[in-house]
1. Treat every Asp and Glu Cβ in the stretch 1-112 as -1 and every Lys and Arg Cβ as +1, leave all other atoms uncharged, and give the resulting dipole magnitude about the Cα centre to the nearest 20 debye.
2. Have a look at ALA113, MET49, GLN83 and report the one farthest towards the positive end of the charge dipole of the chain, computed about the Cα centre with Cβ charges (Lys/Arg +1, Asp/Glu -1).
3. Using the scaling law 2.2 N^0.38 Å as the reference, what is the normalised Cα Rg of the chain?
4. Please tell me the relative contact order of the chain in percent, rounded to the nearest whole number, where contacts are Cα pairs under 8 Å and at least six residues apart.
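Read the figures in this text as sums done on the coordinates, not as results from a lab. Quantities reported herein were computed from a predicted structural model and do not represent experimental measurements. Here the Cβ is made from the backbone with ideal geometry for all residues, glycine too, and neighbour counts use every protein chain on show.
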Amino acid sequence: MEALIYVSTATELPNQRMIDRILDASHRNNPALDLTGMLLWSDMTFAQMLEGPSNALDILYARLQTDPRHSNLRLLSRWRIDQRLFSEWSMASRRLSPRGPWGLLTDATHDAATTANWLLFLMNELRRLPAVA
Ligand SMILES: Cc1cc2nc3c(=O)[nH]c(=O)nc-3n(C[C@H](O)[C@H](O)[C@H](O)COP(=O)(O)O)c2cc1C
C-alpha cells in the first residue's frame, strides 16, 4: 500500500454544496478502489491524503487532475505504508479556519516534504477528535 498527499487550489470558493458533492463521489467510489483518506479545505485551498493500493492511487489521482473544481495540483509526497491512518473513513473531511496553522502549512516558502509532514501531523491529530458538521 501507499499513501499520497497533495494540495490544490479551488477554481471557485468552495461552499458546502460543492464539498457535499465531492464527498458523495468519494463515498461512492473509494470503497471499490479500496481507498481511504482525509480531505481538508480552507478558503481556496484543498489538501487531501489518500491511502490504498498503488494502482488505485494512480487511477484516482489521474481523475482528480481533470476535475474542473480545482487546479494546480501539487503532489507533496508519496510513500509506502503498512497501516492506514483512516481505515474507517472512505473520506474523512474537515474545514479549517484560514487563521491558525493553515496559513503556515500552505506557505509557499516551505518545501514539499515539510508541508507534507505538517499536514500529516495535523490530519493525524484531527483524526482523534470527534467530527463536527
Ligand atoms: C478536492 C477534491 C477531492 C476529491 N476527492 C475524491 C475522492 O476521494 N474520491 C472520488 O471518487 N472523487 C473525488 N473527487 C471527485 C473526482 O474528481 C470526480 O469528480 C469523481 O470521482 C467522479 O465520480 P463519479 O464518476 O462517480 O461522478 C474529488 C474532487 C475534488 C475537487
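1. Details: 12 positive and 13 negative charges, 45 e Å.
It comes to approximately 220 debye.
2. The residue sitting farthest along the positive end of the dipole is MET49.
3. Numbers: Rg = 13.6 Å, N = 133, 2.2 N^0.38 = 14.1 Å.
Against the compact-globule rule of thumb, the ratio is 0.97.
4. Values: 195 pairs, mean separation 46.3, N = 133.
The normalised contact order for the chain reaches 35 percent.
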